[in-house]
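A.B. asks: Sharing a structure with you now.
The values are calculated or read from the model by the stated rules, or taken from the named source; none is laboratory data. What you see is a predicted model; the values in this text were computed from it and never measured. Every residue, glycine among them, receives a Cβ derived from its backbone with ideal geometry; neighbour counts consider all protein chains shown. Surface areas here come from the heavy atoms of the whole protein model, side chains and all, with no ligands, DNA or RNA. Shrake-Rupley method; radii C 1.70, N 1.55, O 1.52, S 1.80 Å.
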2 protein chains.
Amino acid sequence: MFQVSGEGMLMVTARAPTNIAVIKYWGKRDESLILPINDSISVTLDPDHLCTTTTVAVSPNFESDRMWLNGKEISLSGGRYQSCLKEIRQQAGDVIDENKGICIKGEDWQKLHVHIASYNNFPTAAGLASSAAGFACLVYALSKLMNVKEQYELSAIARQGSGSACRSLYGGFVKWAMGNDVNGSDSIAIQLARETHWSDLVILIAVVSSHQKEISSTTGMRESVETSELLLQRSQNIVPKRIKQMEEAIRNRDFTTFAKLTSADSNQFHAVCLDTSPPIFYMNNTSHRIINCIERWNQSEGTPQVSYTFDAGPNAVMFAPNRKVASLLLQRLLFYFPPLPGDDLSSFVIGDQSILQEAGIGSMKDVQSLSPPPETKDSKFLSKHGGSVSYFICTRPGRGPELRAHGDALIHPQTGLPK
Amino acid sequence: MFQVSGEGMLMVTARAPTNIAVIKYWGKRDESLILPINDSISVTLDPDHLCTTTTVAVSPNFESDRMWLNGKEISLSGGRYQSCLKEIRQQAGDVIDENKGICIKGEDWQKLHVHIASYNNFPTAAGLASSAAGFACLVYALSKLMNVKEQYELSAIARQGSGSACRSLYGGFVKWAMGNDVNGSDSIAIQLARETHWSDLVILIAVVSSHQKEISSTTGMRESVETSELLLQRSQNIVPKRIKQMEEAIRNRDFTTFAKLTSADSNQFHAVCLDTSPPIFYMNNTSHRIINCIERWNQSEGTPQVSYTFDAGPNAVMFAPNRKVASLLLQRLLFYFPPLPGDDLSSFVIGDQSILQEAGIGSMKDVQSLSPPPETKDSKFLSKHGGSVSYFICTRPGRGPELRAHGDALIHPQTGLPK
């Protein structure tokens, strides 16, 4: 796992997944420690489709901490990076390998500088929780480089980079317990179940085209805490109940309850955003149309076939209980939100493309000849909106962070700079 | 006021205003009596710009109750019409004029049939509270025809036609007290102030183009009562406080408080709609853009210049403290939401068109040469959306229902049918 170059450079490469909350985090009780006002629960997404890869390197020759994101140097001076770097150095252990001539004592890390190179396998600006994967990966990689013993403390460190990053330190189904401690030591992530516990679950993401500039979630949740008269009711009385119900639904692989809670909690989070002054709109007409499409289907079947959730942006993340239902969902979505003429199907539906085959769709012509969903009787609901979804990603619950082979390193072992 | 034709027909014509709630009514505690779960407050709109005109006629020759809306016969068999007709007949008094040979005893009204013709001076389907004006006008006109003594009971009758209709029985600023009585006798409208109390106020309505079919407010509020976990918090703990604050703001003509409460309460009502299962969306991208335009302006000035409110549809109703500020608002709205090329300015801004002159806009060319609002620094917010507003209506607080001259009658005095 460790790599030593000619210049005495030590390097670790890791990747970490994104996650999508099914019971939402919205509102901090402590802005700088990033302590939330309620528990939240998320599903970790398969890193094969959505992940951050990060290489961290240390060398006595490095003159300062530096970082590159997708090849471009970015500043580490922000409080959130500084908190993570400071906290992880405090936990650093000895790294000694006499054969390789390495001897770094725990306290040495305070003086050594690191170089960090990070890369997302998905568009950073698309609103797909890149900061969650990014901070989880940074903290995980540094903990391996610095031989941090207390792995369970990592989520409390990643949390200080980006709240939801703490949940990306585990695979499968994860709870972020809000905790009580004023210093945040018990505001940590806990794995509820591994990804293999509910392996039938299929996750479909619609990346929605948007020309609106959205308010950041940090600013948005601060304004909600300050001005929404409904948020406290949610965080104190509604979420605690839903957390218990969601834990049980996941334990029992009870898709009906899981789906109802997921959609209802997403809608309530966006309701609180609307109740904020000035009001916050993350969903747009396309988001609303996706919801209406799913709700009409679910209503016609009498029980939830699929569910949806939206974070601080217009993208929809949808859950289906199995591949068969996922293919029925994909048929509906492609009917309403087809690619633009000239688009390529294989770049319009990415990730686990076998769902396309399951849906019997092999070409653009198959998309064009899709029938209207049978539950759609009113012709008002038959208009198509080509181009309003940029692309779809088919994925599933996935693993937590893991180390990668030397060949995946993003930093050049001689220069200490991004490859 | 009474008109007797050769066939012994008696006729009354009246008009009644629409109203816009500034503290919203959403949710019934009794579906058939239409008793709300919280008080609401509205502003009555000038009937010169938005009103229903209704003629009611009675004759011993009429064989059944019949009604025509905008010239087309509609059924009176619905429970809401039946409730209003039944209740008003119970209150009916003697109509005796020996000179004219009229003698109808109070109890006679139970056997006599009425013909009703009604006409809106604005598009019925545009989501401009046509049912409020319609039921208020129907009940008011019948009360005059039937010589109902207890005028204060009319609002409780109109309420059973359409909840918000009770508020259209008064001009100016009106509270609908939810009441406690199980039979609804104290769920009535009360005038807080006449329209002349705050005559500087200018009201601008944007009729927003929409291709979506919205859920009716009756169905929507039933589903909110059944499924929203936030509605009770709103109706029990938030609205009572806001009602007191709004009453005081109106009393003091305190525009800052009035504006903050109006916008916040509209947003909270739509938040509750989103928290409903399935979620209800009444506002669309255009509605969101109007809100963002106003919020950016208010934020840049540090204090609310104007406020907005949305009912069960995408139309915006905006309040300005005076004509000067209203003209600044109209300039902003016409910059972002210009008419389509070929549209006529005089049919794009209707109602009190003198606000256009106040804004220095006399032609389509003036609209095209409007400068971007000075608070708009980010070019992201400069895109125009021609055609997304169908037209604007400039109006003001207005009078309650009133009788109209014989010449305005909508029923032919010989045939008893619509003219």
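A.B. asks: Test A:Asp181 against the criterion of being open to solvent by less than 70 Å² (accessible area, probe 1.4 Å), part of a loop (DSSP other than H, G, I, E, B) and either touching a Cys at 6+ places or on another chain (Cβ under 7 Å) or more than 14 Å from chain B (Cβ to nearest Cβ) (or both), and give yes or no. Lay out the reasoning, then the answer.
C.D. replies: Working: open to solvent by less than 70 Å² (accessible area, probe 1.4 Å): yes; part of a loop (DSSP other than H, G, I, E, B): yes; either touching a Cys at 6+ places or on another chain (Cβ under 7 Å) or more than 14 Å from chain B (Cβ to nearest Cβ) (or both): yes.
Against the criterion (open to solvent by less than 70 Å² (accessible area, probe 1.4 Å), part of a loop (DSSP other than H, G, I, E, B) and either touching a Cys at 6+ places or on another chain (Cβ under 7 Å) or more than 14 Å from chain B (Cβ to nearest Cβ) (or both)), A:Asp181 qualifies.
A.B. asks: Within the range B:352-367, work out how many residues are open to solvent by 40 Å² or more (accessible area, probe 1.4 Å) and within 32 Å of the chain's Cα centre (by Cα).
C.D. replies: Start the filter on the range B:352-367 by keeping residues that are open to solvent by 40 Å² or more (accessible area, probe 1.4 Å), which leaves B:353, B:357-358, B:360, B:362-366.
If we keep only those that are within 32 Å of the chain's Cα centre (by Cα) as well, we get B:353, B:357-358, B:360, B:362-364, B:366.
Selection size over the range B:352-367: 8.
A.B. asks: In this structure, is A:Ser228 crowded, with 22+ Cβ neighbours inside 10 Å, in contact (Cβ under 8 Å) with a residue 12 or more places away in the chain, in contact with a Phe, Trp or Tyr (Cβ under 6 Å, 6 or more places away or on another chain) and within 14 Å of chain B (Cβ to nearest Cβ)?
C.D. replies: Answer is no for this residue.
A.B. asks: Out of A:Gln151, A:Gln160, report the one residue that is under 25 Å from A:Ala57 (Cα atoms), crowded, with 24+ Cβ neighbours inside 10 Å and not charged (D, E, K, R). Step through it out loud before you land on a result.
C.D. replies: Values: A:Gln151 fails: crowded, with 24+ Cβ neighbours inside 10 Å.
Checking each option against the conditions leaves just A:Gln160.
A.B. asks: Among residues belonging to the range B:368-386 that are at pLDDT 90 or above, assigned to a loop (DSSP other than H, G, I, E, B) and open to solvent by 70 Å² or more (accessible area, probe 1.4 Å), point out the one that is farthest from B:Asp48 (Cα to Cα). Before the answer, list the steps.
C.D. replies: As a first pass, look at the range B:368-386 and keep what is at pLDDT 90 or above: B:368-375, B:384-386.
Next, only the ones that are assigned to a loop (DSSP other than H, G, I, E, B) stay: B:369-375, B:384-386.
Imposing the further condition that a residue be open to solvent by 70 Å² or more (accessible area, probe 1.4 Å) reduces the set to B:369, B:371, B:374, B:384.
Values: B:Ser369: 31, B:Ser371: 32, B:Pro374: 34, B:Lys384: 31 Å.
The extreme case among them is B:Pro374.
A.B. asks: Please specify each residue of the range A:302-313 satisfying the condition of being β-branched (Val, Ile, Thr) and in a strand (DSSP E or B).
C.D. replies: From the range A:302-313, those β-branched (Val, Ile, Thr) are A:303, A:306, A:309; that's our starting set.
Scanning the range A:302-313 gives a single hit, A:Thr309.
A.B. asks: Can you run down the residue pairs with Cβ atoms below 7 Å, 6 or more apart or on separate chains, where the first is in the range B:125-148 and not assigned by TED's automatic domain parsing to the domain that holds B:Pro17 and surrounded by fewer than 24 Cβ atoms within 10 Å (Cβ to Cβ) and the partner is among the small types (Gly, Ala, Ser) and assigned to a helix (DSSP H, G or I)?
C.D. replies: none
A.B. asks: Working only within the range A:85-100, note down all residues that are polar (S, T, N, Q) and closer than 14 Å to A:Lys144 by Cβ. Full working, then the answer.
C.D. replies: Residues of the range A:85-100 that are polar (S, T, N, Q), as a first pass: A:90-91, A:99.
Correct list: A:Gln91 only.
A.B. asks: Are any residues in the range A:40-59 assigned to a strand (DSSP E or B) and aliphatic (A, V, I, L, M), and if so, which ones? Steps first, answer last, please.
C.D. replies: Pass one, the range A:40-59, residues assigned to a strand (DSSP E or B): A:40-45, A:51-59.
Passing the criteria: A:Ile41, A:Val43, A:Leu45, A:Val56, A:Ala57, A:Val58.
A.B. asks: Sticking with this one: Please determine whether any residue of the range A:391-411 is surrounded by fewer than 19 Cβ atoms within 10 Å (Cβ to Cβ), charged (D, E, K, R) and closer than 21 Å to A:Asp352 by Cα.
C.D. replies: Within the range A:391-411, one or more residues are surrounded by fewer than 19 Cβ atoms within 10 Å (Cβ to Cβ), charged (D, E, K, R) and closer than 21 Å to A:Asp352 by Cα.
A.B. asks: Can you run down the residue pairs with Cβ atoms below 9 Å, 6 or more apart or on separate chains, where the first is in the range A:184-211 and under 28 Å from A:Val349 (Cβ atoms) and within 14 Å of chain B (Cβ to nearest Cβ) and the partner is of a type in the set (Val, Ile, Thr) and in a strand (DSSP E or B)?
C.D. replies: Partner pairs satisfying both residue conditions: A:Val208/A:Val389; A:Ser209/A:Val389.
A.B. asks: Answer yes or no: is there a residue in the range A:78-87 that is open to solvent by less than 10 Å² (accessible area, probe 1.4 Å) and modelled with pLDDT of 95 or more. Even if it seems obvious, please write down each step before you answer.
C.D. replies: Of the range A:78-87, the ones open to solvent by less than 10 Å² (accessible area, probe 1.4 Å) are A:84-85.
From what is left, the residues that are modelled with pLDDT of 95 or more are A:84-85.
Yes, the range A:78-87 contains at least one residue that is open to solvent by less than 10 Å² (accessible area, probe 1.4 Å) and modelled with pLDDT of 95 or more.
A.B. asks: For the range B:162-179, does any single residue satisfy the condition of being within 28 Å of B:Val306 (Cβ to Cβ), at pLDDT 95 or above and over 16 Å from the mean Cα position of the chain (by Cα)?
C.D. replies: no
A.B. asks: Tell me which residues, restricted to the range A:184-202, are closer than 14 Å to A:Arg399 by Cβ and in a strand (DSSP E or B).
C.D. replies: A:Gln191, A:Ala193
A.B. asks: Just to be sure I understand, how many residues within the range B:302-311 are among the small types (Gly, Ala, Ser) and open to solvent by 40 Å² or more (accessible area, probe 1.4 Å)?
C.D. replies: Here is the first cut: in the range B:302-311, the ones among the small types (Gly, Ala, Ser) are B:302, B:307.
Checking the rest, the ones that are also open to solvent by 40 Å² or more (accessible area, probe 1.4 Å) come to B:302.
Matching residues across the range B:302-311 total 1.
A.B. asks: Within the range A:357-367, is there a residue that is in contact (Cβ under 8 Å) with a residue 40 or more places away in the chain, outside the structural domain of A:Cys137 (by TED's automatic domain parsing) and not in a loop (DSSP other than H, G, I, E, B)?
C.D. replies: No, the range A:357-367 contains no residue that is in contact (Cβ under 8 Å) with a residue 40 or more places away in the chain, outside the structural domain of A:Cys137 (by TED's automatic domain parsing) and not in a loop (DSSP other than H, G, I, E, B).
A.B. asks: Further question: Looking at this structure, is A:Met1 open to solvent by 50 Å² or more (accessible area, probe 1.4 Å) and modelled with pLDDT under 95? Even if it seems obvious, please write down each step before you answer.
C.D. replies: Values: open to solvent by 50 Å² or more (accessible area, probe 1.4 Å): yes; modelled with pLDDT under 95: yes.
In short, yes.
A.B. asks: When you check B:Leu35 against the structure, is it within 22 Å of the chain's Cα centre (by Cα) and without any contact (Cβ under 8 Å) to a residue 60 or more places away in the chain, yes or no? Outline the logic, then answer.
C.D. replies: Numbers: within 22 Å of the chain's Cα centre (by Cα): yes; without any contact (Cβ under 8 Å) to a residue 60 or more places away in the chain: no.
No: the conditions fail for B:Leu35.
A.B. asks: Please go through the range B:387-403 and give me each residue that is part of a loop (DSSP other than H, G, I, E, B), within 22 Å of B:Arg289 (Cα to Cα) and touching a helix residue (DSSP H, G or I) at 6+ places or on another chain (Cβ under 9 Å), ordered by number. Give the steps one after another, and end with the answer.
C.D. replies: Step one: filter the range B:387-403 for residues part of a loop (DSSP other than H, G, I, E, B), giving B:387-388, B:396, B:398-401.
Next, only the ones that are within 22 Å of B:Arg289 (Cα to Cα) stay: B:387-388.
Listed by number, the list holds a single entry, B:Ser388.
A.B. asks: Please work out which residue is most open to solvent (accessible area, probe 1.4 Å), limiting yourself to the range A:314-347 and to residues that are under 23 Å from B:Asn285 (Cα atoms) and in a loop (DSSP other than H, G, I, E, B).
C.D. replies: Looking at residues that are under 23 Å from B:Asn285 (Cα atoms) and in a loop (DSSP other than H, G, I, E, B), I get A:Leu340.
A.B. asks: If you take the residues of the range A:243-301 that are facing chain B (nearest Cβ under 9 Å) and outside any helix (DSSP H, G or I), which of them is surrounded by the most Cβ atoms within 10 Å (Cβ to Cβ)?
C.D. replies: A:Asp275
A.B. asks: Hey, any hits in the range B:307-319 for a residue that's touching a strand residue (DSSP E or B) at 6+ places or on another chain (Cβ under 8 Å), within 14 Å of another protein chain (Cβ to nearest Cβ) and of a type in the set (A, V, I, L, M)?
C.D. replies: yes
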